[in-house]
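Enquirer: Provided herewith is a single structure, encoded as structure tokens, for subsequent inquiry.
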Amino acid sequence: MDLNQRHLNGERLRNDFEELALIGTTPSGGVTRLALSLEDLEARAWFANRIEEAGLFVHDDDVGNLSGIYSSKTPNAPTLILGSHLDTVPNGGLYDGSIGVLAGLECLRTLHEAQIDLPFHLEVMNFTDEEGTWFSLLGSRGLTGTLPQNELRHVDVRDGAFRAALLRSGIELERVHLAARERADIIGYLELHIEQSTHLEKTGSQIGIVRDIVGRNTSKFIFRGSSGHSGTTERANRRDALQGAALFVTQAHQMVQSNFDGGLVNCGNLSVLPGRFNMIPSQVDLLVECRHRDENTLAAIENALLQLAEDCASSHRLALDHRRVEHIPAAHMDETLVNTIQQVCDALEIHCLDVVSYSGHDAQVMQNFTPTGMIFVPCVNGISHSPAEYSHWEHIELGANVLFHTVMKLAATYSR
Ligand SMILES: [Zn+2]
């Protein structure tokens, strides 16, 4: 089949998009479908109905991932997974996650309708809790067998609510490990997603081909001084934890910006003790996050931040504690898939751009498990996780067609 001849049914895709947008609608025009909430379950039921209606197999697993399968006639064929997530952040946008799942479904339907037999099964997946309402990337971590069982049992103070959500969704913590798939059965993962940034828009690109997803370190810095009367303590005797922390916050941004190209730091929260008008702050807990596409540079940023914090602490005669909270390694997309997507864009005469993703995705987890590729579509002003999130429909339809043609091209060149 000529690559340029067949396209997805854009109208059906749009109908799906509009129907799904009605589930969990908020007054400000966004959607709230927190993972495993009633709205999320309603979206899953809706998705299962669409899969069934299309004559595809509905599949679910022990961590709540819900998928549709278009089966190959080849015996013992492996599986290519397409997907993203239907869950959202509170009052989130209509596009984040949903377009990847819906475009994947439309790929399966188009192939099924045209009775095109593939050398692999094609599976469209809705991953559980990508947004981390309970446990970030729960579904993809479950599927790849990388869920830390112990952490799951102690999710935090909301543990009771988490268990209730699991019960409501029919997920048993004792069984989530059974969702792990065999590496040998999966030949790749493709995800279509909105960019959530402005590189495509600024360069007039229609499609982004993701090269890397940034790694991310989060840590807690604790500045310790001593408390005292804010009026009577002499200047020379003050050990004000907040002054040290504030100095660090203002210098950290400047330092990362000037020394680490492509690096980002965020100081997300300060808690100040004792926190009164008339007492000198004795302790400040500061949440710090940094991101970079390269693991070595990320480690260098973290070290430089630590050194800076020590300098700021000592300039105010403070003690400093540093605790790493989480490290999510940088992820790199598969070279063959990147090239395939590039060839598809060339054949369809699409302006595309290599991009780095500064936000996390299921693709980040999947790339450790199977060759992974990611396609971005522009979103207006880079706004995401907000009711104001918006992508032009022609970009979404184009992105969905790039996904479709990438699948077709992989099928044409596939050999075991
Ligand atoms: Zn997303």
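The values are calculated or read from the model by the stated rules, or taken from the named source; none is laboratory data. Owing to the predicted nature of the structure, the values given are computational and were not obtained by experimental measurement. With ideal geometry, Cβ positions are generated from the backbone for all residues, glycine too; neighbour counts draw on all protein chains shown. Accessible surface areas use protein heavy atoms only, side chains included; no ligands, DNA or RNA. Shrake-Rupley method; radii C 1.70, N 1.55, O 1.52, S 1.80 Å.
Enquirer: Where residues in the range 201-217 are of a type in the set (S, T, N, Q) and open to solvent by 20 Å² or more (accessible area, probe 1.4 Å), which of them is nearest to the ligand (Cβ to nearest atom)?
Expert: So the residue we want is 206.
Enquirer: Which residue, of 122, 118, 105, is more than 16 Å from the ligand (Cβ to nearest atom), touching a strand residue (DSSP E or B) at 6+ places or on another chain (Cβ under 9 Å) and in a helix (DSSP H, G or I)?
Expert: None of the others qualify; the one that does is 105.
Enquirer: So which residues in the range 236-266 are part of a loop (DSSP other than H, G, I, E, B), open to solvent by less than 80 Å² (accessible area, probe 1.4 Å) and over 20 Å from residue 282 (Cα atoms), if there are any at all? Walk me through how you get there before you give the answer.
Expert: Going through the range 236-266, the residues part of a loop (DSSP other than H, G, I, E, B) turn out to be 238, 240, 260-263.
Add one more test, that the residue is open to solvent by less than 80 Å² (accessible area, probe 1.4 Å), and what stays is 238, 240, 260, 262-263.
Of everything in the range 236-266, those that are part of a loop (DSSP other than H, G, I, E, B), open to solvent by less than 80 Å² (accessible area, probe 1.4 Å) and over 20 Å from residue 282 (Cα atoms) turn out to be 260, 262, 263.
Enquirer: Residue 399: more than 16 Å from residue 190 (Cα to Cα) and either among the β-branched types (Val, Ile, Thr) or touching a helix residue (DSSP H, G or I) at 6+ places or on another chain (Cβ under 8 Å) (or both), yes or no?
Expert: For residue 399, the condition - more than 16 Å from residue 190 (Cα to Cα) and either among the β-branched types (Val, Ile, Thr) or touching a helix residue (DSSP H, G or I) at 6+ places or on another chain (Cβ under 8 Å) (or both) - is not met.
Enquirer: Within the range 211-242, which residues are of a type in the set (S, T, N, Q) and within 35 Å of the chain's Cα centre (by Cα)?
Expert: Correct list: 217, 218, 219.
Enquirer: Specify the residue that is most open to solvent (accessible area, probe 1.4 Å); the eligible residues are those in the range 307-331 that are more than 21 Å from residue 218 (Cβ to Cβ) and touching a residue at least 60 places away in the same chain (Cβ under 8 Å).
Expert: The selected residue is 317.
Enquirer: Inspect the range 384-392 for any residue being under 22 Å from residue 98 (Cα atoms) and outside any loop (DSSP other than H, G, I, E, B) and give the result as yes or no.
Expert: no
Enquirer: Would you please name the residue that is farthest from the ligand (Cβ to nearest atom), looking only at residues in the range 187-200 that are outside any loop (DSSP other than H, G, I, E, B) and open to solvent by 10 Å² or more (accessible area, probe 1.4 Å)?
Expert: That would be 187.
Enquirer: Can you pull out every residue in the range 74-95 that is open to solvent by less than 10 Å² (accessible area, probe 1.4 Å) and within 12 Å of the ligand (Cβ to nearest atom)?
Expert: If the condition is that a residue be open to solvent by less than 10 Å² (accessible area, probe 1.4 Å) and within 12 Å of the ligand (Cβ to nearest atom), then 83, 84, 85, 86, 87, 88, 92, 93 are the ones that fit.
Enquirer: Applying the selection to the range 284-306, what residues are closer than 16 Å to residue 241 by Cβ and open to solvent by 40 Å² or more (accessible area, probe 1.4 Å)?
Expert: 287 - this is the single residue of the range 284-306 that is closer than 16 Å to residue 241 by Cβ and open to solvent by 40 Å² or more (accessible area, probe 1.4 Å).
Enquirer: Which count do you get for residues in the range 369-388 that are more than 13 Å from the ligand (Cβ to nearest atom) and at positive phi?
Expert: Number satisfying all stated conditions: 2.
Enquirer: Of 276, 239, 235, 216, which residue is within 30 Å of residue 383 (Cβ to Cβ) and charged (D, E, K, R)? If you could, list the steps in order and put the result at the bottom.
Expert: Values: 276 fails: within 30 Å of residue 383 (Cβ to Cβ); 239 fails: within 30 Å of residue 383 (Cβ to Cβ); 235 fails: within 30 Å of residue 383 (Cβ to Cβ).
Only one candidate passes the filter, namely 216.
Enquirer: Is it fair to say residue 410 is under 21 Å from residue 211 (Cα atoms), in a strand (DSSP E or B) and not charged (D, E, K, R)?
Expert: Judged against the criteria, residue 410 is not a match.
Enquirer: Inspect the range 358-377 for any residue being modelled with pLDDT of 95 or more, assigned to a helix (DSSP H, G or I) and surrounded by fewer than 21 Cβ atoms within 10 Å (Cβ to Cβ) and give the result as yes or no.
Expert: Taking every residue of the range 358-377 in turn, none turns out to be modelled with pLDDT of 95 or more, assigned to a helix (DSSP H, G or I) and surrounded by fewer than 21 Cβ atoms within 10 Å (Cβ to Cβ).
Enquirer: Given the options 100, 64, name the one that is out of contact with any Cys (no Cβ under 9 Å at 6 or more places or on another chain) and at positive phi.
Expert: It is 64.
Enquirer: (1) away from the ligand (no atom under 16 Å from the Cβ); (2) part of a loop (DSSP other than H, G, I, E, B); (3) open to solvent by less than 40 Å² (accessible area, probe 1.4 Å); (4) farther than 30 Å from residue 76 by Cα: which one isn't true of residue 349, the others all being true?
Expert: Just one mismatch for residue 349, condition (3).
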